[in-house]
1. Does the range 31-89 classify as rounded, prolate or oblate by the C-alpha gyration tensor (a ≥ b ≥ c root eigenvalues; a/c under 1.5 gives rounded; else a/b over b/c gives prolate, otherwise oblate)?
2. Highest first, please rank the peptides 87-98, 224-235 by the mean number of other Cβ atoms sitting within 10 Å of their residues.
3. Given the rule -39500 (n - 2.57) for each run of at least 4 DSSP H residues, summed and divided by the residues of the chain, what is its mean residue ellipticity at 222 nm, to the nearest 500 deg cm²/dmol?
4. FRET efficiency for Ser232 and Thr259, Cβ-Cβ distance as r, R0 = 45 Å, nearest 0.05?
5. How about the range 199-269: which GluC sites (Glu not before Pro) there lie in a loop by DSSP and see at most 13 other Cβ atoms within 10 Å?
6. Using Cα positions and a limit of under 15 Å, work out the aspartates and glutamates in reach of Lys183, with same-chain residues fewer than 8 apart set aside.
7. Counting other beta carbons within 10 Å of each Cβ, put Asp238, Asp165 in order, fewest first.
8. Any idea what the dipole of the range 1-157 comes to, in debye rounded to 20, about its Cα centre with Lys/Arg Cβ at +1 and Asp/Glu Cβ at -1?
Amino acid sequence: MRHFALKYLREEVLPTPFCPGCGCGIVANCFFKAVEELGYEDLGNFVFCSGIGCSSWIPSPHFKADTIHTLHGRSIPVATGIKMVRPDKEVVVFGGDGDLAGIGLSHLIHAARRNLEIKVIMVNNMIYGMTGGQTAPTTPQGSYTSTTPYGNPEPGMDVARLVADAGASYVARWTVAHAVMLKNAIRRALERKGFAYVEALSHCPTQFGRRNKMAKPAEMMKWMLRRSLDVSKASGIDVEGRILVGVYADREKPGFVETYKLMIERAGRKAGLEA
Ligand SMILES: Cc1ncc(C[n+]2csc(CCOP(=O)(O)OP(=O)(O)O)c2C)c(N)n1
Ligand code: SF4
């Protein structure tokens with residue numbers, strides 16, 4: 001029997017370049033399940049933007065849709081331009097934690113602040129996978145990376161919290177070991193008006209797992225499950241070493257394209273009155 005997701009994939013470019021056991025495949029599968037549940041028979045109305053990194057290869061060239069691979073960290077500015085000129089399109093960004101929370105962090109914050117009607121799926125594998133396992137802003141304190149061979153001295157950042165505080169309509173984090181919840185979050189993000197951010201905490205067995213005594217993907221998945229704590233139950237307790245999962249924001253707010261359109265109409269009326 002054909003896998004349901006093949007209708008969304010360019011079969012001529014398969015198999016993917018991911019290492020065996022990489023979490024990127026689970027994220028892609030959750031995305032396909034979400035779009036299928038929403039009734040999309042194809043991805044014709046979608047535009048996917050990605051930066052540079054392993055996770056940026058998820059949509060491009062694999063998804064049967066309009067896809068654009070941009071520069072490292074610059075997928076959100078490109079997605080912003082696409083959404084502003086084609087508000088009818090569903091614009092989805094895929095990227096890594098290095099791409100979106102490192103070099104591209106300011107774009108992420110400002111898109112959330114504007115509540116721009118795009119969706120961002122950040123694959124947080126806690127490391128720079130593609131370039132050899134360097135420390136990312138999300139690397140947990142104490143973890144081993146190629147640039148911190150004695151353990152990362154910095155605390156990892158809570159990107160979901162930052163995006164929620166910046167003003168996004170929808171923000172959630174799940175791990176790839178919570179595949180159903182992750183799929184539901186992606187589905188909700190696609191339904192929500194405004195800026196939606198879903199963080200998929202994922203495993204990179206090659207660069208993170210091997211260095212941190214979890215070379216097998218299953219070991220990392222168990223580690224993520226053991227550490228997970230629902231963010232709604234985290235207030236007032238010590239969350240040191242825990243992975244907060246769940247929904248950080250889910251609220252009705254006007255989106256940027258909508259607000260911008262109203263402003264253009266106002267300007268037009270004003271110009272008409274003055275002419
Ligand atoms: C301007 C620029 N700086 C640095 C790089 C090198 N580079 C490519 S991908 C990457 C980080 C990848 O990590 P992440 O975004 O977390 O994705 P992953 O590979 O882990 O999925 C870096 C530093 C680049 N391509 N362009
Ligand atoms: S290096 Fe890590 S993130 Fe990149 S494909 Fe391999 S397992 Fe996946």
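Since every read-out is calculated from the coordinates, none of them should be taken as a lab result. These figures come from a predicted structure and were not determined experimentally. Please note: Cβ atoms are built from the backbone with ideal geometry, for glycine as well, and neighbour counts cover all protein chains shown.
1. Oblate shape, in that a/c is at least 1.5 and b/c is the bigger or equal ratio.
2. 87-98, 224-235
3. Computed mean residue ellipticity for the chain: -10000 deg cm²/dmol.
4. Using R0 = 45 Å, I get an efficiency of 0.90.
5. Glu240, Glu252
6. Glu36, Glu37, Glu191, Glu199
7. By the 10 Å Cβ count, ascending, the order reads Asp238, Asp165.
8. 200 debye
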